[in-house]
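In what follows, a single structure is set out as structure tokens and then discussed.
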Amino acid sequence: MAKDYYETLGVNKGASKDEIKKAFYKLAHKYHPDKKEGNEARFKQVNEAYQVLSDDAKRSKYDQYGSGFESAQQGGFGGFSGTDFSGGFQGANVDFDFGNLNDIFSDFFGGGMSGGRRETRRGRDISTEIQISFYDSIFGTNRKVLITKTSNCLACHGSGAKTGSKMETCKICNGQGKIRESKRTIFGNIANTKICEVCLGTGEVPKEICETCKGKEVLRREEEVSIVIPAGIRDGEMIRMTGYGEAISKGTTGDLYIKINVASHNVFKRDGNDLVMSLNLKLSDALLGMEYPLRTLDGEIKVTIPEGVAINEILRVRGKGVPISKNKRGDLLIKLNIKLPGKLSRKSREIVEELKKEGI
């Protein structure tokens, strides 16, 4: 009797590979022999249909020959007649797609064929944020913060053992750190190795557990963390502190990320590695020039205003900006705002009239 693989999977002839795959997974779960309501015969039919329709070359020949598909496969197509799944792969006349098989194993057994390799356990990364002054962002500072997180137990130093207690061989895995399991499937007995859940792969457990953490090695507590904030840090930048995140039993500690919020300054703004400020000058000072006392982040300095400076002219003070390296800093840029008088006195008007006559 001719087999209709499309009907077996419940899809139409023009179904995509994804549709065929989804239909197969659904029916494979439904009819899997290991399930209480499974059906081995139907599972074989579903698997046979999927192995043909998921392969472009086989599907093309199946679509071409139709009801004569079995005769065509006798000529070297590599079909499924007489396949016996009860004894595993040996002797089975089946051309399997192992890429598909890995998907199936992962789907059925929830972890694929990892071989029981011990993966490094890692604690969770955590984050916080702090606000610093503009001054501290330029020159750097140290801050201490209290963070509540899962940390190594202080009583047992993360060993899980009572003080003075020795370690002993794990009785569950006999010191191997892993457990070998075997599952009976339609492909035969599948061996799977997993990490021992008691010793977490170490092969040892405490003879007496720590009373503080109950042998868990970690507990949630408040911890003070010292943060070094480098000079020249920008608003919104993140500082990463490796190993200051959350601890985990038999694993490495995660990282701590600190977001830095820099408060604004009422005088200075940052432009790259330079500091920018505005300075209001009287018209007379702009015309005649002067030496002006100026308070910077480094302290008070004196700035020479040259004669006849223009409106919005910028003066540059070298080395008073943001630290770039140990011996190098950006500059301080001073934008000059010349304040023009709104109303002139009679005497001032006479002076301006005289200047006008001179072409000034």
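The values are calculated or read from the model by the stated rules, or taken from the named source; none is laboratory data. Since we're looking at a predicted model, the values are computed, not measured. Every residue, glycine as well, gets a Cβ built from its backbone with ideal geometry; the counts of neighbours run over all protein chains shown. To get the accessible areas, we keep the full protein, side chains included, count just its heavy atoms, and leave off ligands, DNA and RNA. Shrake-Rupley method; radii C 1.70, N 1.55, O 1.52, S 1.80 Å.
Side notes on the structure shown:
- Note on region 11-37: residues that are among the charged types (D, E, K, R) and under 11 Å from L53 (Cβ atoms) amount to 4.
- Strands (runs of 3 or more DSSP E) wholly inside region 271-336 containing at least 3 residues that are open to solvent by less than 70 Å² (accessible area, probe 1.4 Å) and under 22 Å from G232 (Cα atoms): 274-282
- So E208, is it acidic (D, E), closer than 30 Å to K144 by Cα and in contact (Cβ under 8 Å) with a residue 40 or more places away in the chain: no
- Selected residue (criterion: least open to solvent (accessible area, probe 1.4 Å)) from residues of region 337-360 that are among the small types (G, A, S) and under 27 Å from T304 (Cα atoms): S348
- Matching residues, region 236-252, being more than 16 Å from G160 (Cα to Cα) and either open to solvent by 60 Å² or more (accessible area, probe 1.4 Å) or assigned to a loop (DSSP other than H, G, I, E, B) (or both): G236, E237, M238, R240, T242, G243, Y244, G245, E246
Results for (1) open to solvent by less than 70 Å² (accessible area, probe 1.4 Å); (2) hydrophobic (A, V, I, L, M, F, W, C); (3) under 22 Å from I190 (Cα atoms); (4) modelled with pLDDT of 85 or more, shown as yes or no for each residue.
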| site | (1), (2), (3), (4) |
| --- | --- |
| N12 | no, no, no, yes |
| A15 | yes, yes, no, yes |
| K21 | yes, no, no, yes |
| Y25 | yes, no, yes, no |
| K36 | no, no, yes, no |
| K44 | yes, no, yes, yes |
| S54 | yes, no, no, yes |
| A72 | yes, yes, no, no |
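- Going through (1) farther than 29 Å from S133 by Cβ; (2) small (G, A, S); (3) touching a strand residue (DSSP E or B) at 6+ places or on another chain (Cβ under 6 Å) one by one, S284 falls short only on (3).
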